[in-house]
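Scroll down for the structure; my scribbles are underneath it.
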Amino acid sequence: MSVLFWLSDEQWSAIAPHLPRNRPGVKPRRNREVISGIIHVQRVGCRWRDCPAEYGPHTTIYSRFNRWSKRGVWQALLARLTVFDAAGQQSIDSTTTKAHRCAAGGQGGPKPQAIGRSRGGRTTKIHAVADQRGRLIAFDLSPGQRGDVKVAPTLLERLPAADYLLADAAYDSNALRRWLAERNTIAVIKPNPTRKGQVAFDQDCYKLRNTIERAFSHLKDWRRVATRYDKLARNFQAGIAIAAII
C-alpha cells in the first residue's frame, strides 16, 4: 500500500488563508483532510475510486477537485502563492505527456482538450516558465504537435519582463527575439543550426537553463502529470497547478 500524503502544518498555514470560504460541500474543518486526499491521488496516479478511505469518501475527494478546477481555484491558489524576483532570469521550455486511453472522449473532441498526435502517439504538451530557482511560475497546455515558439509570447506576457530569457533552439525565432527586445529582455536562445546567419548568445548564461529541466523533472514525479488520465484539459491543468503549489 502506498504511503499516505498529509499536508504539513507549514504547508497548510500557507494554503489555508487563500481557500474559498462560504462555499457548499465539505465543512471547512475537513478541508485539510480532503485536499490531502486530492494531492495523494495526483502524486501516486491511482483512480479516484481507489483513493484511500482515510481521506474520506472518494466521491467527495473527486467532487472537490473537479468543482474547484471548474472555478479555477487551483490555478488562482498557485498565482497567490507564487512570489518570485521579476528581475534576473526566466527559462522557458515544454515537455510532452502521454495521454492514456482514459483521457479520450472529452467534450468537443481532442483539440479543444489539448490532445494531439505526435511521434509519441496521443500527447499533451506542457509549456512552462521557471524562475531562477527552478520553480514553475507560469504554464499552459497545447496538443502535443504544437510548436514551442508559437506559445511563448502568450505565456510570457502574463509575467513581468525578466532581464534574461533562456531557451533552446526550438525558440529561435526573429519575431520572438524582437518581441523580447521590446520588453527589454535579453534573449539567451541557442541558435538553430539551420538558420541563415548565426546569432551570438551567452553560452555561460545558457548553462543556467537547467532550471527548467529540473522543474520538469520534479513535475514528472507526479504520476497524474507524467501520464494524463484526465479527459478535460482544465482538470489536467489543475493537477499541474497542485504539483507546482506543493
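Miscellaneous remarks
- Computed from backbone phi, the HN-Hα couplings of the range 155-163 come to 6, 6, 5, 6, 10, x, 5, 8, 5 Hz, rounded to whole numbers (Karplus: 6.51 cos²θ - 1.76 cosθ + 1.60, θ = phi - 60°; Gly and Pro given as x).
- Here the Gaussian network model covers the chain, with springs between Cα atoms less than 10 Å apart; of 154, 123, 95, 154 fluctuates the most.
- Rolling a 1.4 Å probe over the protein chains gives residue 150 an accessible area of about 150 Å².
- Approximating the spin labels as points 7 Å out from Cα along Cα→Cβ, the residue 246-to-residue 30 distance works out to 2.1 nm.
- Considering only beta bridges that DSSP places wholly inside the chain, some 65 percent are antiparallel.
- Kirkwood-type radius of the range 95-180, with distances r between different C-alpha atoms, in Å: 14.2 Å
- Bridge type composition, the range 110-210 - antiparallel percent by DSSP, nearest 5: 70 percent
- Whole-percent carbon and sulfur share, accessible surface of the chain, 1.4 Å: 49 percent
- Entries of 98/125; 98/220; 70/150 with Cα pairs more than 20 Å apart: 70/150
- Separation of the range 166-230 from the range 84-135 is 14 Å, based on Cα centroids.
- Å² per residue, accessible surface of the chain at 1.4 Å: 52 Å²
- Counting every alpha-carbon pair across the range 116-231, the share separated by more than 26 Å comes to 22%.
- Cα coordinate range in the chain, projected on the principal axes (Å, largest first): 61, 38, 32
- Taking amide H atoms as placed 1.01 Å from N in the peptide plane, the amide H of residue 45 lies under 5 Å from those of 223, 224, each 5 or more residues away in sequence or on another chain.
- Within a Gaussian network of the chain (alpha carbon springs, distance under 10 Å), most fluctuating of 187, 226, 87: 87
The values are calculated or read from the model by the stated rules, or taken from the named source; none is laboratory data. Just so we're clear, the structure is a prediction, and the values are computed from it rather than from any experiment. Reconstructed Cβ throughout: ideal geometry from the backbone, glycine too, with neighbour counts over all protein chains shown. We work out accessible area using only protein heavy atoms, side chains counted, and drop any ligands, DNA or RNA first. Shrake-Rupley method; radii C 1.70, N 1.55, O 1.52, S 1.80 Å.
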